[in-house]
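Here's the structure we're looking at; comments come further down.
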Amino acid sequence: MSDGVYDMPEEPRQTRRPSGGRPRALLPTIATLIVLLILFSVFTDVWTQRLWYRSVDLGSVFSTVLGTRVVLFVVVGLLMAAAVVANIIVAFRTRPRVALAPSPSPGFERYGDLLQQRGKLAVGVIATLMLVFGGSAASGEWKVFLAWRNRTPFGVTDKHFNKDIAFFVFDYPWLRVLLGFGYSIVLLSLVAAIVTHYLYGGFRPSAKGQKASGAAQVQFSVLLGLLVLLKAFSYWLDRYGLTTSDSRLFTGISYTGDNAVLPSKEILAVIAVLCAVLFFANVVRRTWLLPGVGTVVLILSAILLGALWPAALQQLRVRPSEPVREAPYITKNIEATRQAYGLEGTQVINYPAKSTATPSDLAADAEVLPGIRLIDPSVVGPTFEQLQQVRGFYSFPTDLDVDRYTIGGKTNDTVIAVREVQVDRLPAGQRNWNNDHTVYTHGYGVVAANGNQRAADGTPVWSEKDLPPTGQLGDYEPRIYFGEQSPDYSIVGGPKGGQPVELDTPEGKNGGDPTLNTYAGKGGVPVGSFFNRLLYATKMRDANILLSSRVNPESKILYDRSPRERVEKAAPWLTPDGDPYPAIVDGQVVWIVDGYTTSANYPYSEKVALDDSTRDTTTGRGTIAQQPSEEINYIRNSVKAVVNAYDGSVELYAWDENDPVLKTWMKAFPGTVKPRSDISPALMSHLRYPEDMFKVQRDLLAKYHVTDSGTWYQNSDLWRVPADPTAVSAGADSSAQSNQPPFYLSLRMPGQNEPRFSLTSVYVPNAERENLTAFMAVDAEATSPDYGKFRILRLPGNVQIPGPGQVFNKFQTDDGIRTALLPINQPTSGARAQFGNLLTLPLGGGLLYVQPVYSVRTSGPGSYPVLRYVLVSFGERVAFGSTLQEALTRVFETNVETGEPNPNQPPPTNQPPANQTVKEALTQAQTAYDRAQAALKAGNLAEYQKQVDLMKAALDRAAAAAPGNTTPGTPPPSGTPTTTPSTPAPSSPPTSPTG
């Protein structure tokens with residue numbers, strides 16, 4: 001636009017003010033400084049990201065992501081900038097010598113003059129804005145681009161369009177992205193052309209005669225033609241989008257979609273192409289009549305074909321016979337959903353759910369009994385903290401984790417947690433930069449408890465404890481530099497022979513002064529150089545990193561330390577599980593994180609909201625993260641990620657090696673995911689089925705356990721996950737209907753030869769009823785050949801089997817349980833009863849409910865829950881005991897051996913006095929004797945024998961509690977039957993009649 005630029009006459013030097021140049025020089029200086037600061041901030045972020053990835057040996061991930069984003073930024077940004085600038089230049093150079101009509105305001109022409117005077121500057125600013133706008137938007141689509149570029153066939157063909165599923169998962173999203181950029185480029189070019197022609201008089205909508213110059217008409221026609229052509233392409237793509245569109249009933253193409261929407265999209269695409277041709281023809285004919293008619297035809301066709309035709313077909317043809325019309329499409333949706341979520345192998349078993357169990361039934365399930373977990377990981381966090389915290393700056397998570405460890409040749413369910421450092425708990429006098437970031441840098445040790453045992457005082461039975469750690473889990477590196485509660489950043493490391501400053505343990509092995517340590521791991525980013533210190537002082541917004549003498553040439557900075565965050569950065573294409581869990585593997589403490597590959601474009605598969613499907617009463621509590629709010633209709637647990645708690649290294653192992661999405665990302669990031677065969681046996685023994693994926697699958701199975709289209713349509717067999725009764729009783733918002741979380745248990749399902757570590761859940765009808773309708777478990781043991789196999793025990797519909805809410809209500813209203821808990825819940829006791837997780841498992845041909853009850857002090861420091869009772873329910877019967885064995889013996893009315901230890905420890909303080917126990921036992925014996933005599937007179941020998949056995953058991957208890965006994969006041973041995981006001985006393989089978 002140089003022809004429009006003219007030189008202003010220079011002002012005489014003597015007339016300028018002496019200070020007039022200062023503001024002019026100051027503004028560019030300030031602007032330059034701002035730009036430099038922005039550029040330095042961007043450089044700092046990019047360079048520190050590079051350093052972080054190099055510290056975990058994943059520099060290729062950084063370079064691939066950065067390179068892809070830069071390429072997309074440059075290509076799309078330049079394309080958009082070039083298109084807009086080219087249209088401005090064309091409009092400017094073809095401007096008329098005389099405007100078609102006067103400008104709308106006297107000052108309007110000044111804008112055109114200003115643009116002529118500063119033409120190059122204006123074009124440069126516009127080009128820069130378009131480059132930044134288009135490039136930024138394009139760089140954010142790097143995942144879609146890489147997935148398209150490295151796409152892997154699924155090997156499954158869509159029957160409707162005869163295309164591999166990979167087209168819908170990888171190609172279709174990228175084509176949509178390209179279409180969106182095409183729209184943006186053409187629309188912005190059109191706006192630029194209109195504004196430029198308007199400024200220079202080539203376009204005047206208010207003019208009475210010609211409203212646009214010939215050049216303007218040509219330019220507008222071409223751009224509008226391109227816009228309509230893109231609309232034709234959009235109509236064509238919409239056909240494939242129907243496979244994942246949501247209808248009233250399901251996701252995918254419906255009868256109306258197949259017979260009305262799909263053909264209408266094809267017809268509209270053809271009409272749009274013809275309309276685009278009319279716009280292009282306007283370049284020659286110079287009349288807007290034909291393009292205008294074409295546009296009107298396109299709009300009317302869109303209304304008639306795109307809206308009215310489908311609505312009429314739905315109302316007149318589908319609604320009257322919807323089950324028949326939609327049946328084949330429902331079947332397709334069911335099949336695709338079960339495939340996309342890995343549910344096609346689900347086994348549904350009709351289960352009688354007996355309300356009584358014989359001794360032979362219990363004997364057949366004897367192996368299951370020792371594996372029933374009594375310790376609730378969501379309750380005993382404070383117990384771990386108070387008994388194993390050691391110092392106030394150590395902490396444990398609110399919700400602990402369940403894993404398996406082999407101790408003494410026997411594999412047990414174990415509740416485990418890591419002792420982490422939390423600088424926020426330091427006393428105010430100890431809070432300073434040096435302590436926060438260079439002294440209290442790491443946690444120390446693992447604490448674990450047997451899941452199926454309790455000590456005599458109700459505390460856990462530790463399998464790993466204390467500091468330094470001792471126990472049965474073997475030797476391992478105890479220092480925890482990377483964890484869920486680690487400080488935001490720490491400066492560690494030092495020269496050889498230097499004085500250590502990092503607190504290792506508050507005392508040495510034999511007491512005395514604290515032990516100090518210097519980090520020697522390979523993790524962390526070196527910050528010894530001035531340049532790196534400057535970068536991280538900027539990144540962390542903390543000048544102490546640059547100024548402190550604690551930062552030495554050998555120092556490293558540890559940040560982004562949570563396991564989930566590290567996996568998200570190491571594999572940005574993965575969705576990590578919300579609950580990483582620790583394990584001791586080959587002498588190292590590691591965090592195991594399940595990684596998911598997901599998609600929202602699997603044809604005909606039902607879409608779910610990931611955050612809603614994975615939400616339950618534990619989600620968002622403590623360190624358990626909530627999943628992002630995105631829709632998916634395909635998920636695979638494709639990767640098992642391992643984060644070392646000492647050096648922060650991240651290892652990614654392919655788990656579902658047949659997943660095409662995983663194969664695609666492995667091609668995009670070669671060498672970052674190790675093959676499944678590299679998983680060591682020690683690590684394999686701790687891998688388990690992931691919780692969040694299980695939650696998504698159980699959410700789908702509530703409806704998609706039905707495979708018949710007619711039943712599915714009628715919604716006559718819908719299930720739902722029940723609300724967590726324990727959370728509601730504790731004061732949670734019942735209106736939110738928070739789902740009961742799934743539970744890890746060792747159990748044996750029908751068809752299994754031995755108990756398996758499983759992830760379990762239950763269903764109730766999708767109505768206002770709370771009776772149980774199904775029990776579900778998935779084999780969660782990675783070494784099992786049936787790993788990942790879903791088994792659903794479907795309960796008979798003609799029998800009322802209580803669900804979790806109803807059983808919990810029985811527990812709370814049972815007279816015997818209320819009487820036992822009364823001393824705990826008395827206002828004067830200063831304590832309250834806290835109910836633990838309500839577990840369900842198949843046993844003896846029926847379903848057994850087990851719930852621990854804890855006692856916790858309501859006020860004062862140092863309060864923590866201790867296990868007091870175990871509540872059980874089988875059929876209509878309810879019982880309780882101080883041990884699981886005692887409770888089971890009562891509820892089944894026969895001696896049940898669980899293998900629980902009976903430690904010789906002092907009895908709990910709330911045990912009744914010995915003379916009271918003797919008196920109660922003698923009263924029970926007298927009652928049993930009277931009933932036995934009555935039964936003998938009536939000729940009921942079975943009842944007679946039962947009451948005789950009860951009398952004998954009561955006399956044995958009296959003898960055991962009598963003064964002079966070696967353990968006065970102790971409860972009866974495990975397996976000895978006792979009675980409660982609401983539960984009939986059990987009896988053992990007689991060996992011979994007595995009278």
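A few notes on this one:
- Within region 412-457, considering residues that are in contact with a Pro (Cβ under 8 Å, 6 or more places away or on another chain) and of a type in the set (Gly, Ala, Ser), the one surrounded by the fewest Cβ atoms within 10 Å (Cβ to Cβ): ALA455
- Residues that are among the polar types (S, T, N, Q) and in contact with an Asp or Glu (Cβ under 8 Å, 6 or more places away or on another chain), drawn from region 851-891: THR883, GLN885
- Residues in region 309-358 that are in a helix (DSSP H, G or I) and either of a type outside the set (Ser, Thr, Tyr) or exposed (fewer than 13 other Cβ atoms within 10 Å of the Cβ) (or both): 29 in all.
- Residues being part of a helix (DSSP H, G or I), surrounded by fewer than 18 Cβ atoms within 10 Å (Cβ to Cβ) and in contact with a Ser or Thr (Cβ under 8 Å, 6 or more places away or on another chain) - total across region 157-182: 1
- Only one of the numbered conditions (1) over 19 Å from PRO742 (Cβ atoms); (2) in contact with a Gly (Cβ under 8 Å, 6 or more places away or on another chain) is violated by GLU770, and that is (1).
- In this entry, GLY875 passes the filter for residues that are touching a residue at least 40 places away in the same chain (Cβ under 8 Å) and surrounded by fewer than 23 Cβ atoms within 10 Å (Cβ to Cβ).
- The conditions of being within 30 Å of VAL125 (Cα to Cα), assigned to a helix (DSSP H, G or I), modelled with pLDDT under 95 and aliphatic (A, V, I, L, M) are not met by VAL228.
- Within region 599-612, tally of residues that are in contact (Cβ under 8 Å) with a residue 40 or more places away in the chain and assigned to a strand (DSSP E or B): 2
- Unmet criterion (only one of (1) farther than 27 Å from GLU141 by Cβ; (2) outside any loop (DSSP other than H, G, I, E, B)) for GLN210: (2)
- Residues being assigned to a loop (DSSP other than H, G, I, E, B) and either over 33 Å from the mean Cα position of the chain (by Cα) or under 19 Å from ARG748 (Cβ atoms) (or both) - total across region 859-897: 12
- Qualifying residues in region 286-295 (those that are part of a helix (DSSP H, G or I) and surrounded by 12 or more Cβ atoms within 10 Å (Cβ to Cβ)) - the one nearest to the chain's Cα centre (by Cα): THR295
- Being free of Cβ contacts under 8 Å to residues at least 60 places away in the same chain, under 25 Å from LEU747 (Cβ atoms), assigned to a strand (DSSP E or B) and among the hydroxyl-bearing types (Ser, Thr, Tyr) is not true of TYR854.
- Hey, ARG769 of a type in the set (D, E, K, R), at pLDDT 90 or above and surrounded by fewer than 23 Cβ atoms within 10 Å (Cβ to Cβ) or not: no
- Enumeration of residues in region 433-461 that are in a helix (DSSP H, G or I) and touching a residue at least 24 places away in the same chain (Cβ under 8 Å): TRP433, ASN434, ASP436, HIS437, THR438, VAL439
- Yes/no for ALA928 being at pLDDT 65 or above, buried (at least 21 other Cβ atoms within 10 Å of the Cβ), touching a helix residue (DSSP H, G or I) at 6+ places or on another chain (Cβ under 8 Å) and assigned to a helix (DSSP H, G or I): yes
- PHE279 being under 30 Å from PHE220 (Cβ atoms) and surrounded by 23 or more Cβ atoms within 10 Å (Cβ to Cβ): yes
- Every condition in (1) touching a Leu at 6+ places or on another chain (Cβ under 9 Å); (2) surrounded by fewer than 23 Cβ atoms within 10 Å (Cβ to Cβ); (3) under 30 Å from TYR713 (Cβ atoms) holds for ILE407 except the one numbered (3).
- Checking LEU503 against (1) within 24 Å of ILE416 (Cβ to Cβ); (2) modelled with pLDDT of 95 or more; (3) in a strand (DSSP E or B), the condition it does not meet: (2)
- Criterion (crowded, with 21+ Cβ neighbours inside 10 Å, at pLDDT 95 or above and assigned by TED's automatic domain parsing to the domain that holds PHE396) met by exactly one of ILE480, ILE584: ILE480
- Residue satisfying condition, being buried (at least 21 other Cβ atoms within 10 Å of the Cβ), under 26 Å from ARG720 (Cβ atoms), in the same structural domain as ASP365 (by TED's automatic domain parsing) and touching a Leu at 6+ places or on another chain (Cβ under 6 Å), within set LEU793, LEU747, LEU759: LEU747
- Among the residues of region 381-422, those identified as of a type in the set (A, V, I, L, M, F, W, C), under 23 Å from the mean Cα position of the chain (by Cα) and outside any strand (DSSP E or B) are PHE396, LEU400.
Residue by residue, here is whether (1) over 38 Å from the mean Cα position of the chain (by Cα); (2) over 30 Å from MET693 (Cβ atoms); (3) of a type in the set (Ser, Thr, Tyr) holds:
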residue: VAL297; (1), (2), (3): yes, yes, no
residue: ILE303; (1), (2), (3): yes, yes, no
residue: PRO320; (1), (2), (3): yes, yes, no
residue: THR337; (1), (2), (3): no, no, yes
residue: TYR341; (1), (2), (3): no, no, yes
residue: THR346; (1), (2), (3): no, no, yes
residue: PRO352; (1), (2), (3): no, yes, no
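- The sole residue among VAL415, VAL390 that is of a type outside the set (Lys, Arg) and at positive phi is VAL390.
- Residue satisfying all of: in region 462-494; within 27 Å of the chain's Cα centre (by Cα) and outside any loop (DSSP other than H, G, I, E, B); nearest to ARG404 (Cα to Cα) among these: ILE480
- Matching residues, region 625-651, being assigned to a strand (DSSP E or B) and of a type in the set (A, V, I, L, M, F, W, C): ILE632, ILE635, VAL639, ALA641, VAL642, VAL643, VAL650
- Given (1) surrounded by fewer than 22 Cβ atoms within 10 Å (Cβ to Cβ); (2) within 20 Å of the chain's Cα centre (by Cα), number of the condition ARG676 does not satisfy: (2)
The values are calculated or read from the model by the stated rules, or taken from the named source; none is laboratory data. Keep in mind that this is a model prediction, so the values were computed, not measured. Quick reminder, even Gly has a Cβ in these numbers, built from the backbone with ideal geometry, and neighbours come from all protein chains shown.
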